[in-house]
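See below for the structure under consideration.
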Amino acid sequence: MYSLGIDVGSTQTKGVLLDNGDIIKTCIIGAGTGSVSSKKIIDRLFEDKQYNRNDVGIVVTTGYGRNNFDESDIQISELTAHSIGVCSCVDRVGTIIDIGGQDVKVMEIVDNKLKNFVMNDKCAAGTGRFLDMIARVFELEVSELGALAKKSTETVAISSVCTVFAESEIISHLSSGKKIEDICNGLLRSVALRAAGLTGRLFLSGKIVMSGGVAKNSGVVAWLSKEMKQEIVVPDNCEFMGAIGAAIYGEKKLRRDRK
Ligand code: ADP
């Protein structure tokens, strides 16, 4: 029996099919929340008939929209899901920084268990949504921001702490002749500084691991590493950590039920 983990995020929905501890298939779609995106994930995972939907023994959902899918057997919090997912891929985890579409969470991990956390879910600045907005202003894909920032030779300081004001600040920097890569670098720095600011409230030990979609942004990761004076580990499949954690949770439940 397979375990299916679905992370119904605010911007993307991720699915992971697990067979006896092995990830056998993943799927991501660029739409979050609501039951439609979870249904789509299931359709996509099984459309090529490589695996059979009827062989799924349990569906565990996590993420912002976890309660809105009627095929879900169990719902778990994103904190639980990310901590299980990351600890299954990385050893000696001390801190997890998860920057998603609409919030930033920092988790303190002791002996592979979540001990404490802080989060910012009050403001879009410093989240993936903020980066999506910046990409639109630059007429780029969000996946291009990291490479763009790498070309920067002089970081432009961004002073606005609000998404709306930051947008007008970008436009005024652009019209005053500042280079797009320098502005971009400054914006990625501001996102990293916000996340690093949250970690200050936790006890830091062991490896610092980044999960969530924004971990794919090499500029944010580089600034975060610089600010925290430590290497930041980014697992492969960083954006799937919540879905992986949900699937692992489901597999453990299946095993317990079988006993
Ligand atoms: P959620 O679970 O809330 O939907 P995710 O953890 O999936 O959030 O992260 C979504 C964010 O990740 C997007 O808003 C975007 O900024 C960022 N992102 C997604 N894919 C990439 C990519 N290929 N490169 C850089 N950033 C990305």
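When the charge dipole of the chain is built from unit charges on Cβ atoms (+1 for Lys and Arg, -1 for Asp and Glu) and taken about the Cα centre, the candidate among Ser168, Trp223, Ser83 whose Cα reaches farthest toward its positive end is Ser83. Modelled spin-label separation between Lys229 and Val36, with each label point placed 7 Å from Cα along the Cα-to-Cβ direction: 5.0 nm.
Comparing Ser205, Thr153, Leu45 along the charge dipole axis of the chain, the residue lying farthest to the positive side is Ser205, per the Cβ-charge model. Computed over the chain, the per-residue total of -39500 (n - 2.57) for DSSP H runs of n ≥ 4 gives a 222 nm mean residue ellipticity of -12500 deg cm²/dmol, rounded to 500. For the pair Glu167 and Arg256 in one chain, pulling the backbone fully straight at 0.36 nm per residue adds 26.9 nm over the alpha carbon distance. Using the Karplus relation 6.51 cos²θ - 1.76 cosθ + 1.60 with θ = phi - 60°, the per-residue 3J(HN,Hα) values for the stretch 219-229 come to x, 5, 4, 5, 5, 5, 5, 5, 5, 8, 6 Hz, with x marking Gly and Pro. Grouping the Cα pair distances of the chain into 10 Å bins from zero gives a pair-distance distribution of 7, 31, 32, 20, 8, 1, 0 percent in increasing distance order. Computed from Cα positions, the angle between helix 180-199 and the longest principal axis of the chain comes to roughly 60 degrees. Under the simplified labelling scheme, the Glu71-Lys151 pair shows an inter-label distance of 4.3 nm, with each label point 7 Å from Cα along Cα→Cβ. Exposed loop positions in the chain were taken to be GluC sites (Glu not before Pro) whose DSSP state is not H, G, I, E or B and which have at most 12 other beta-carbon atoms within 10 angstrom. Between these positions, the longest stretch is 48-138. The orientation-averaged shadow of the Cα convex hull for the stretch 113-259, equal to a quarter of the hull surface, comes to 10.5 nm².
Sparsely packed loop sites in the stretch 95-141 (the trypsin sites (Lys or Arg not before Pro) outside DSSP H, G, I, E and B with at most 13 other Cβ atoms within 10 Å) comprise Lys122.
Computed about the Cα centre, the dipole magnitude for the chain is approximately 540 debye when only Lys and Arg (+1) and Asp and Glu (-1) carry charge, each at its Cβ. For the chain, the longest principal axis of the alpha carbon atoms and the long axis of helix 163-175 meet at an angle near 40°. Between the helical axis of 34-46 and the longest alpha-carbon principal axis of the chain there is an angle of about 70 degrees.
Summarising the amide proton neighbourhood of Ser10: residues at separation of 5 or more, or on other chains, whose placed amide H is nearer than 5 Å comprise Tyr64, Gly101, Gln102.
Bear in mind that the values in this text are calculations on the coordinates, not laboratory data. Bear in mind the structure is a predicted one, so any value in this text is a computation, not a measurement. In this analysis, Cβ positions are derived from the backbone assuming ideal geometry, glycine residues included, and neighbour counts consider all displayed protein chains.
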